[in-house]
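What follows is a short report on a single structure.
The values are calculated or read from the model by the stated rules, or taken from the named source; none is laboratory data. Because the structure is predicted, anything quoted here is derived from the model rather than measured. Backbone-built Cβ (ideal geometry, glycine too); neighbour counts: all protein chains shown. Calculation scope for accessible area: heavy atoms of the full protein, side chains included, ligands and nucleic acids excluded. Shrake-Rupley method; radii C 1.70, N 1.55, O 1.52, S 1.80 Å.
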Amino acid sequence: MRELATTAMIELSHIDRHFQVGDQLVKALDDVSLHIDRGEYISIMGPSGSGKSTLLNLLGLLDQPTAGTYFLDEVDVTSLDDGQQAHLRNKAIGFVFQMFHLVPRLTAAENVELPLVLAGVPVEERKRLIEPSLEALGIAERAHHKPDQLSGGQRQRVAIARATVMQPGVLLADEPTGNLDHKSGEDVIAILEGLVDQGITLIMVTHDMDMGRRATRQLRMMDGRLDQDLRTSNHGPS
Amino acid sequence: MALHSLDIARFSWRALSGYPARTLLMLLAMAIGVGSVVVLTALGEGARGYVTGEFASLGTNLVIVFPGRSETGGVNPGAMFNETPRDLTIDDALSLTRSARVRRVAPLNVGSVTVSRGPRSRDVVMLGSTAEMLEIRRWEVRQGNFLPTMDIDRPMPVAVIGSKIRDELFGPERALGEWLRVGDRRFRVIGIMGSEGRSIGVDVEESIIIPVAAAQQLLNTQSLFRILVEARSHEDIAYVRQFAENTIQARHQGEKDVTVVTQDAVLSTFDDILGALTLAVTGIAAVSLAVAGILIMNVMLVAVSERTAEIGLLKALGATPGQIQLLIVAEASLLSILGALIGLALGLAGAMGIRSALPDLPAFAPSWVILLVLFTALITGLLFSLLPARNAAALEPVSALARR
Ligand SMILES: Nc1ncnc2c1ncn2[C@@H]1O[C@H](COP(=O)(O)OP(=O)(O)O)[C@@H](O)[C@H]1O
Ligand SMILES: [Mg+2]
């Protein structure tokens, strides 16, 4: 197993994430160790409050562990400062949220542009990157619409475009279909799986058993612990 | 990772236009602050310019002697209008010509008289003086001549009249060489004054000027209202002032019963007073700028808490704490600069309005005030947005995102 560590994309060792709520200690993550290779398609399932979001936020560097180490692309990210972590969030990680989190006063294209703006990418190159990205997600003709002029499915596709425009190695999705009707949800999953086929590492939290089972590796969480780690050979509709 | 300044400006602009009511309110606060500074200093400077200009029109290198002693011994503008404790006489005026550093001396009497010609008459300001007055006051005669050079105590019945009086009494007829009645005496018109001779208290267009001895007869007095002394050069002013004081004192049995002021001193006193006024007024206006700054800080604090989720999102997308601070500070700065520019435009328009309403008042805001006020607005925007910016930058991405 040791030699495999060098190809690991993500290596979590003995991660705790505790919250002090009043005089009660909530162990949202309790001694979680996890090894994820490049290009894996992983679903995380489990009851509400079992720590799925907390784990995903930690992987996305939106939150810090109370204890343990986290290697991303062979870098110990827990030792990085705020600026360096921001840099990684910008370049190496894409995040898709259940609530979309689009900036309401910006158009679809401008929302997708945000990570490029933050990275200081020159204007002409931004255009070159945004257009195919919107095209690939089937929302090119919605480029100049504001989020409130878009359907839920379209909004989530804008969010996916934004999460992938920097071509990160890993895409984290926290219940990406949670706010969508079944049809739109299917479309979004298909898009995400298309990204897996192109080599991205996808880690997706979901409530939907059927969707979860499509992943080649299924994690189950329970009370802040990884409770089950199931591998299947191939992804696709079961 | 460096944000492009154009992107910063665009993002700030979108953020500001996304909340129009709040943005307009802030712009208004800043604009009022800046506008009032500009208008008030323009007003102060205008008043100063007006007074300075009026005094300058009295003539240069001027030393003015008037009866009565000002208590402080310094320059007291009020003393110029006081009652007369001891008379100044024509002989006093003559005595002041006896210095090589004195170029000219002109006695002055002022009174109100009725002038008439045939059925037409009106009340006018009568000035009694000598030929020297023309040069000392830099007046110009439009037609005919000024008072002739002659013995100072000769009450020759000649008059130089202002152009308005000429028009009212003579209409289209010829006035030069004609006679008119001043009080109970007849005077021959020898000259007509133009309109350029305008100076404090006296509008030459509506005055008549006659020999000082004739004026004293009409006013039934032996005394003078003023003696105007012109020093030969600027360097001689101090000497001439002392000379005038000593000479009159010697003539008045050692009593220091006159006040001698130099025009310079009067001017600089008014200059000081009005300059201080301008500063005070600027200070008051500066307070409103500070208020605008504090308002901006509060608005940015609200903006930060309102946009917590958005800031969290930017962080999730890879914004560094520095970038977040930059965006917040840029937004506040844009707000205050826009407000300042609007205020500047309003202020300049206001000053222009004052100038067109009061053409005599050169109400221009000094350029240093304009620069200072723009600078202050910028600093205010920067300074008062630092706290909200630091709060925003310190937000944890996950907790910021969780808030809606
Ligand atoms: N910021 C927080 N403060 C206190 N408790 C928290 C916080 N975030 C999560 N928790 C707690 O941690 C546990 C796991 O939460 P979460 O990861 O959101 O669960 P899931 O996404 O699986 O529903 C829950 O008990 C939740 O109440
Ligand atoms: Mg959750």
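General remarks:
- Selection over region A:150-187 of residues that are of a type in the set (Gly, Ala, Ser), more than 16 Å from ligand 1 (Cβ to nearest atom) and crowded, with 22+ Cβ neighbours inside 10 Å gives a count of 3.
- The residues of region A:85-98 that are among the hydrophobic types (A, V, I, L, M, F, W, C) and more than 7 Å from every other protein chain (Cβ to nearest Cβ), listed by number, are A:LEU88, A:ALA92, A:ILE93, A:VAL96, A:PHE97.
- Selection within region A:71-99: residues that are of a type in the set (A, V, I, L, M) and closer than 23 Å to A:ILE189 by Cα. The member of this set that is nearest to the chain's Cα centre (by Cα) is A:VAL96.
- Every residue from region B:113-141 that is assigned to a strand (DSSP E or B) and under 29 Å from the mean Cα position of the chain (by Cα): B:VAL124, B:VAL125, B:MET126, B:LEU127, B:VAL141
- Residues of region A:41-53 satisfying the condition of being hydroxyl-bearing (Ser, Thr, Tyr) and outside any strand (DSSP E or B): A:SER48, A:SER50, A:SER53
- Residue check for A:THR177: of a type in the set (Ser, Thr, Tyr), without any contact (Cβ under 8 Å) to a residue 60 or more places away in the chain, within 21 Å of A:SER53 (Cβ to Cβ) and within 16 Å of ligand 2 (Cβ to nearest atom): yes
- Residue check, B:ARG48 within 15 Å of B:GLN249 (Cα to Cα) and modelled with pLDDT under 85: no
Residue-by-condition table, conditions (1) among the acidic types (Asp, Glu); (2) within 16 Å of ligand 1 (Cβ to nearest atom); (3) touching a Ser or Thr at 6+ places or on another chain (Cβ under 7 Å):
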| site | (1), (2), (3) |
| --- | --- |
| A:GLU11 | yes, no, no |
| A:LEU34 | no, yes, no |
| A:TYR41 | no, no, yes |
| A:PRO65 | no, yes, yes |
| A:ASP73 | yes, no, no |
| A:LEU88 | no, no, no |
| A:PHE95 | no, yes, no |
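- A single member of B:ALA363, B:ALA402, B:ALA389, B:ALA316 is within 16 Å of ligand 2 (Cβ to nearest atom) and at pLDDT 85 or above, and it is B:ALA316.
- Selection count, region A:54-84, where residues are under 30 Å from B:LEU3 (Cβ atoms), open to solvent by 10 Å² or more (accessible area, probe 1.4 Å), outside any loop (DSSP other than H, G, I, E, B) and within 14 Å of chain B (Cβ to nearest Cβ): 4
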